[in-house]
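Please read the structure below before turning to the comments.
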Amino acid sequence: MDAAGPPLGDGYALHNGGKSVIGIWDQFYGGSASFAPSTSYANTSLGDFTGGEGLVMNRLNGTVPSEEVDGDDAAGSANVLDVIPQDWMDVWVTLEADSSGGGTRRADIYLNGETVPQNFHLASGINGDESYTYAVMGLGATPETGAVDIDFFLVKEGVHLPLPAKKIQIAEMRRLDSGNELMIQWESSPGKLYNLRSELDPSNGDSAQRPIFNEQQGLAATPQGRPSWCPCPLRKGVSL
């Protein structure tokens, strides 16, 4: 038995009328909506078909719940968010009744802190495992193979938009008496960790991708809202 898997990983697909890695079954409005990181790998000997590479979800197939919403179904059209499934990403999804796109549900997806979503119109699947409303994470008991890494997932009733990331407020920046160190203080938030980055040329790429400066990484927030601080050797281009 070969348990190594394909070189680029083995994501997952929707199956059995709308079940997959992360799914919501709604007892009041009927039907399921599911999401899965999917690779292009397909184990054809078992009949697997992922529906595409990226974040896959229910197909758009009419305005009533249907069993024909999986990746290997012929009816309707596939819904695949174009991302690299092997990369870590933050995914925020709002799910609500669809009144405009010819489906039963509209999924608005925000990636990695974005405040403008990508919109998808879905048809709910008809197959669930319980009569009550539930959220589930896992891989189904099917011949479909798969392996996924999920850090965590949270579910909240209602439609909640992601808030813009809180900007860092610099409280103080001054040269220390030693003459070769700069003290930086900022307003930290409990539970957050901070990285200090530096780049001599500010036009060189995204600030979030600049190199860590002087091993100043994973700096913990100080308690009770007091400013965190960091003494560091003087250098141009330091950013938090």
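The values are calculated or read from the model by the stated rules, or taken from the named source; none is laboratory data. Quick caveat, the model's predicted, so the values are computed rather than measured. Cβ coordinates were reconstructed from backbone atoms using ideal geometry, including for glycine residues, and neighbour counts include every protein chain displayed.
Before moving on, here are some points about what is shown:
Residue by residue, here is whether (1) out of contact with any strand residue (DSSP E or B) (no Cβ under 6 Å at 6 or more places or on another chain); (2) at pLDDT 80 or above holds:
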position	(1), (2)
D129	yes, yes
V136	no, yes
V148	no, yes
L163	yes, no
A171	no, no
G179	yes, no
S188	no, no
K192	yes, no
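- Complete set of residues in segment 70-84 that are in a loop (DSSP other than H, G, I, E, B) and under 18 Å from E114 (Cβ atoms): D82, V83, I84
- Residue within segment 87-98 that is in contact (Cβ under 8 Å) with a residue 24 or more places away in the chain, closer than 15 Å to G31 by Cβ and touching a Ser or Thr at 6+ places or on another chain (Cβ under 7 Å) present: yes
The rows are residues; the columns are (1) of a type in the set (A, V, I, L, M); (2) in contact (Cβ under 8 Å) with a residue 60 or more places away in the chain; (3) closer than 30 Å to F28 by Cα; (4) surrounded by 12 or more Cβ atoms within 10 Å (Cβ to Cβ).
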position: D151; (1), (2), (3), (4): no, yes, yes, no
position: E157; (1), (2), (3), (4): no, no, yes, no
position: L161; (1), (2), (3), (4): yes, yes, yes, no
position: K167; (1), (2), (3), (4): no, no, no, no
position: M173; (1), (2), (3), (4): yes, no, no, yes
position: L176; (1), (2), (3), (4): yes, no, no, yes
position: N180; (1), (2), (3), (4): no, no, no, no
